[in-house]
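Below: the structure, in structure tokens.
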Amino acid sequence: MIQGSGEQNSLSVLQNGMDRAKSMWSRLPDTDENEDDLVSFLKKNDGGGVESLDYEVIENYAYWDEQAQRGRLFVGYSVVVKWLYALFIGIGTGLAAVFINMAVENFAGWKFSLTFALIQKSYVAGFIVYLAINLGLVFSSVYIVTHFAPAAAGSGIPEIKGYLNGIDIHGVLFFRTLIGKIFGSIGSVGGGLALGKEGPLVHTGACIASLLGQGGSGKYHLNSRWLQVFKSDRDRRDLVTCGCAAGVAAAFRAPVGGVLFALEEVTSWWKSQLLWRVFFTSAVVAVVVRAAMGWCKSGKCGHFGSGGFIIWDISDGQEDYSFGELLPMTVIGIIGGLLGALFNQLTLYMTNWRRNHLHKKGNRVKIIEACLISVLTSIISFGLPLLRQCTPCPKPDPDLGNECPRPPGTYGNYVNFYCSKENEYNDLATIFFNTQDDAIRNLFSAKTMHEFSARSLLTFLVMFYTLAVVTFGTAVPAGQFVPGIMIGSTYGRLVGKFVVSFYKKPNIEEGTYALLGAASFLGGSMRMTVSLCVIMVEISNNLKFLPLIMLVLLMSKAVGDAFNEGLYEEQAQLKGIPLLESRPKYQMRKITAKEACGKRVVSFPRVVKVADIVSILRSNRHNGFPVIDYSRNGETRVIGLMLRSYLLGLLQSKVDFQHSPLPSDPRGSMPTRHNFSEFVKPASSKGISIDDINLSSEDLEMYIDLLPFLNPSPYIVPEDMSLTKVYNLFRQLGLRHAFVVPRPANVVGLITRKDLLIEDSEDSDAMELQSTSVRARRRDRRIHTANGDVESPLLNGLLVNNTDG
């Protein structure tokens, strides 16, 4: 049998994803005679420090009693509540995104307005104020993360992806993590660091969904019993999926892209009912965001206005493209794959070095590191444009509406920075000394031919790429969408300049190549295709670019996959999150379930002494235990699987303790004593441990009958089944445990597709099975009942009727 647990279960090889870095797999033996070395290697890579989630429905006596008490109206009630939760998640995530963007835009607006006002008199004073504001915002962000919400650091997408994959990580979905994510993002993004707020928005949406699903936060007394409807891991998984899609929809104003992002990137399991709710949640987010944008256009939101959210409308850009342009577009895809793979590898090295050397020294070092990076970023973004000569403004075109130079404190092109004449602009300051949203808008802009020189674009590409690598992994909320867009749009515009000079066609726009470059870098780094393609189309508002975006995404992903894995997958491995990827490793075909499972199985008898339960729970960290019973002839049989959480709940309540070591009636008074929610711990929390339970000496001498609380029908696999099949079962069904049993000697029956086709009759209590075999069995039962003296063989009339399925 498999001894299941979050840390030491017998399929721990499955729980850690079987997906280590390719350098590890290169050391694996390929020959059959070294197969034992392969199995031992897999077992050494045990993912400790995390716990699996229970997505399986435990159909024990408590479950069926609870289902019977709910009645018929509960089904409709639960459906209505799920849709209401989807509505609340959309509204909450949309409002959180509005608040974050409004705060970031206002802080950045005040910062640049004050700096531009001071540099009119003294550039030194302007730099000091610019540096101080950035430093103060970054310090506030890193202080919040290190002292209040450590789980709010980073983008949060690898952790949420792990949660939806079946891995529970402590603190990821806490209320304080939500607060730290919101206010930490404001400080880190407003402070000008080379990171974005889109990844944190995904994490924010997931936290809002989780908190709503469990009725709020009990620690801070912000909870309500009326909201505590869904407490199982299955229901929470669906809510968190809605929150992830809402986060992307709020970040990019891309509702369809949010749905596809949740489907492609973060979830491991999907169903049609969930698709509808996720789509509805994203639509609600779009409505909330649009309403906020319309309300802020009148100037009620300070510096936050039409340019606040990330959307770069280039519908007036390049109208058409020629066949000859496909070659440079393919080159952009290749460049994106190379630079994206390099970015993943460099950030992996940097993050690994931080975790092993720097961040072990405490929070003070984390704060100093983030502040030093803030100072470095401020020096580069302010100092490099000072070294660049200004360029004369182009002739004004009233149709374009691009004012040169732009007035201080407003977004747009042509920034006048350290220029000797009024009708000049600094092209490097236009993208460097600016908010990231405005810099991207400048790079995507159409009808601005030759605005940026090749030297300025190359300088910005090298410096910002370096800053993005160095900044990634600091103890602040950080997303990589916007930095990736900035990096890609820079080299995309650089390639566009060469295309314009080579083809000499008036209809070619450099901004088009900037958009394709942004898509290529994100594809080469994050390895998303469908969702990213739709997001780029939605934010550009130009459907004509769809085939081109598809081309560069396919090229960049293919090139990037040749070197390493995606950014989120590598970061998940580095953080010890054991993801089960969509495809098992080839080496699993040569391993059987018996070879992979643990040899030492810890089990319980049906009626067990409390002292024995305490001893076993303290001696190991398993989360699942087989329960053994004995038949009348003395044969041992397995009657089910008992979860650790259920054992702890029984020990804490003490209501099921009995003096007799004999089995009790499972259908007695037990169902009135417990509710299913008593055995479910809050999301991303450690729950209770055996050390938290106080038991007297009299309690230790009592007994518990485990039959009413165990899972009587766990999933079972034969011992010679390949590990590939077991892997697919775990991932597709969301399993946490499985029993490995010897090859059975008898067959009770055979189920085919027809046996699963059920239709409702007029009487809702009667269900008619469409399978002819079921009808035959019913007829056989009637015959057997009428002729009690006749015994028919177990499989009579069954195997033949099912062979046509």
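Couple of notes before you dig in:
- When region 447-472 is filtered for residues that are open to solvent by 20 Å² or more (accessible area, probe 1.4 Å), in a loop (DSSP other than H, G, I, E, B) and of a type outside the set (S, T, N, Q), the ones remaining, listed by number, are Lys447, Met449, His450, Phe472.
- Taking the numbered list (1) at pLDDT 85 or above; (2) crowded, with 24+ Cβ neighbours inside 10 Å; (3) not aromatic (Phe, Trp, Tyr) in turn, Gly213 passes all entries but (1).
- Ala572 in a helix (DSSP H, G or I), within 22 Å of the chain's Cα centre (by Cα) and of a type in the set (A, V, I, L, M): yes
- Here is the figure for region 492-510: residues that are more than 13 Å from Ile332 (Cα to Cα) and of a type outside the set (Asp, Glu) total 9.
- Meets criteria (under 22 Å from the mean Cα position of the chain (by Cα), open to solvent by 10 Å² or more (accessible area, probe 1.4 Å) and under 26 Å from Leu735 (Cα atoms)) for Arg589: no
- Candidate set from region 132-146 (those that are within 9 Å of Gly184 (Cα to Cα) and small (Gly, Ala, Ser)); member that is least open to solvent (accessible area, probe 1.4 Å): Ser141
- Residue check for Thr430: under 30 Å from the mean Cα position of the chain (by Cα), assigned by the TED database to the domain that holds Ile508 and among the hydroxyl-bearing types (Ser, Thr, Tyr): no
- Identity of the residue in region 619-645, touching a helix residue (DSSP H, G or I) at 6+ places or on another chain (Cβ under 8 Å) and open to solvent by 10 Å² or more (accessible area, probe 1.4 Å), that ends up farthest from Asp54 (Cα to Cα): His622
- Identity of the residue in region 164-194, in contact with a strand residue (DSSP E or B) (Cβ under 6 Å, 6 or more places away or on another chain) and assigned to a helix (DSSP H, G or I), that ends up most open to solvent (accessible area, probe 1.4 Å): Phe175
- Taking residues in region 344-365 that are touching a residue at least 12 places away in the same chain (Cβ under 8 Å) and outside the structural domain of Arg527 (by the TED database), and partners anywhere that are open to solvent by 60 Å² or more (accessible area, probe 1.4 Å) and in a helix (DSSP H, G or I), not one pair has Cβ atoms closer than 6 Å while being at least 6 places apart or on different chains.
- Pairs are defined by a Cβ separation below 9 Å, a sequence spacing of at least 6 or placement on different chains, a first member in region 727-754 that is without any contact (Cβ under 8 Å) to a residue 24 or more places away in the chain and within 16 Å of Trp269 (Cβ to Cβ), and a second member that is open to solvent by 90 Å² or more (accessible area, probe 1.4 Å) and part of a loop (DSSP other than H, G, I, E, B); the pairs so defined are Leu729/Tyr715.
- Top-ranked residue in region 596-618 [being open to solvent by 40 Å² or more (accessible area, probe 1.4 Å) and modelled with pLDDT of 90 or more; ranked as nearest to the chain's Cα centre (by Cα)]: Arg618
- For region 49-58, the criterion of being surrounded by 12 or more Cβ atoms within 10 Å (Cβ to Cβ) and assigned to a helix (DSSP H, G or I) is satisfied by no residue at all.
- The listed residue being in contact with a helix residue (DSSP H, G or I) (Cβ under 8 Å, 6 or more places away or on another chain), of a type in the set (D, E, K, R), modelled with pLDDT under 90 and assigned by the TED database to the domain that holds Glu159, out of Glu565, Glu510: Glu510
- Residue satisfying condition, being surrounded by fewer than 21 Cβ atoms within 10 Å (Cβ to Cβ), modelled with pLDDT under 90 and hydrophobic (A, V, I, L, M, F, W, C), within set Cys393, Cys371: Cys393
- Boolean, Phe88 is surrounded by fewer than 23 Cβ atoms within 10 Å (Cβ to Cβ) and assigned by the TED database to the domain that holds Ala206: yes
- Checking each residue in region 62-87 for being in a loop (DSSP other than H, G, I, E, B) and without any contact (Cβ under 8 Å) to a residue 24 or more places away in the chain picks out only Gly71.
- Selection from region 102-118 of residues that are buried (at least 17 other Cβ atoms within 10 Å of the Cβ) and either touching a residue at least 24 places away in the same chain (Cβ under 8 Å) or not assigned by the TED database to the domain that holds Val415 (or both): Met102, Ala103, Val104, Glu105, Asn106, Phe107, Ala108, Gly109, Lys111, Phe112, Phe116
- Within region 714-737, tally of residues that are among the hydrophobic types (A, V, I, L, M, F, W, C) and either modelled with pLDDT under 90 or assigned to a helix (DSSP H, G or I) (or both): 6
- In region 494-546, residue surrounded by the most Cβ atoms within 10 Å (Cβ to Cβ) [restricted to those that are part of a loop (DSSP other than H, G, I, E, B) and basic (Lys, Arg)]: Arg527
- Some residue of region 474-481 being assigned by the TED database to the domain that holds Glu198, part of a helix (DSSP H, G or I) and surrounded by fewer than 24 Cβ atoms within 10 Å (Cβ to Cβ): no
- Unique residue being out of contact with any Leu (no Cβ under 9 Å at 6 or more places or on another chain) and among the aromatic types (Phe, Trp, Tyr) when the list is Tyr513, Tyr465, Tyr503: Tyr503
- Test: residue in region 234-250 that is open to solvent by 20 Å² or more (accessible area, probe 1.4 Å), modelled with pLDDT under 95 and part of a loop (DSSP other than H, G, I, E, B): no
- Scanning region 418-433 for residues that are crowded, with 20+ Cβ neighbours inside 10 Å and either of a type in the set (D, E, K, R) or in contact (Cβ under 8 Å) with a residue 40 or more places away in the chain (or both) returns Asn426, Asp427, Leu428, Ala429, Ile431, Phe432, Phe433.
The values are calculated or read from the model by the stated rules, or taken from the named source; none is laboratory data. All of these numbers come straight from a predicted model, not from anything done at the bench. Cβ coordinates were reconstructed from backbone atoms using ideal geometry, including for glycine residues, and neighbour counts include every protein chain displayed. Surface accessibility is based on the protein's heavy atoms, side chains included, excluding ligands, DNA and RNA. Shrake-Rupley method; radii C 1.70, N 1.55, O 1.52, S 1.80 Å.
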